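Here is the structure we will look at, set down as structure tokens.
Values in this text are rule-based calculations from the coordinates and carry no lab data. Treat the numbers as computed from the prediction; the structure is a model and nothing was measured. Note that each Cβ is placed from the backbone with ideal geometry, even for glycine, and that neighbours are counted across all protein chains shown.
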């Protein structure tokens, strides 16, 4: 019988948390950090909706056999990051504006602010309508432009967008964006939570598409996995990918001695990979391992965002 990746879904008598949580007390990563990371990714990916109530500290402590103070500390740090909020006598909830990417009201506020600022600049309603009509009926741009200052992350995003569409995809850092955008008609793509950066660097007439984060729990659940003694390699040029993959694999009860971490920044990173049973990597690294049946690609961009790009390209 084949084995599957399996996480535990936190639940109570009348509700079910919409993300699966993996926690390992034997991991090199602290339980508090595991909890913070998984809830943060759940909010960014949309698995946790605005206003959703999180499990109580007592419930999580009982389910995972950990101290309530550890969970309380995690919730406090999430609150400091404006991702959750405490409601006296009720519990901990995902903040309404924790993920501006998935909040429809945020779009309405942007539109209202646009009309207000345009009116303050002296433009009439007819002029605003004409400009909007021109923008909406314009031909699709010739390519996508991924804006991300982390070069390794940018290469992964470019690979994922290229695999999902038939358009040319290029990348640029936020630092070089102002110069690039003046001579480029590309559709700008911004990663996950970079809305604030875009407001500082994009000209007012330039629109962008925000790429939503893929769900970690959806990526791992029900995937076939090797036996307990088989070696698993995690390979990427992005250090954060290696850290996150290792954390979730350890929390999913993969023995640490069966994990092999390789950075493609090392010249000999392929050495020894022939001995592993499974290779977990990002989309950019997968191109370096063609036709290898052991490769399992974990994407960073959610399906809903890739579908949006395909539709815009059409």
(request) Take the alpha carbon gyration tensor of the range 141-180, find the square roots of its eigenvalues, order them as a ≥ b ≥ c, and report rounded if a/c is under 1.5; if not, report prolate when a/b exceeds b/c, else oblate. (result) oblate
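Please give the FRET efficiency for residue 230 paired with residue 175, using the beta carbon to beta carbon distance and R0 = 41 Å, rounded to the nearest 0.05.
Values: r = 43 Å, r/R0 = 1.06.
The formula returns an efficiency of 0.40 here.
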(message) Past the 22 angstrom mark, what percentage of all C-alpha to C-alpha distances in the range 225-297 do you count?
(response) 13
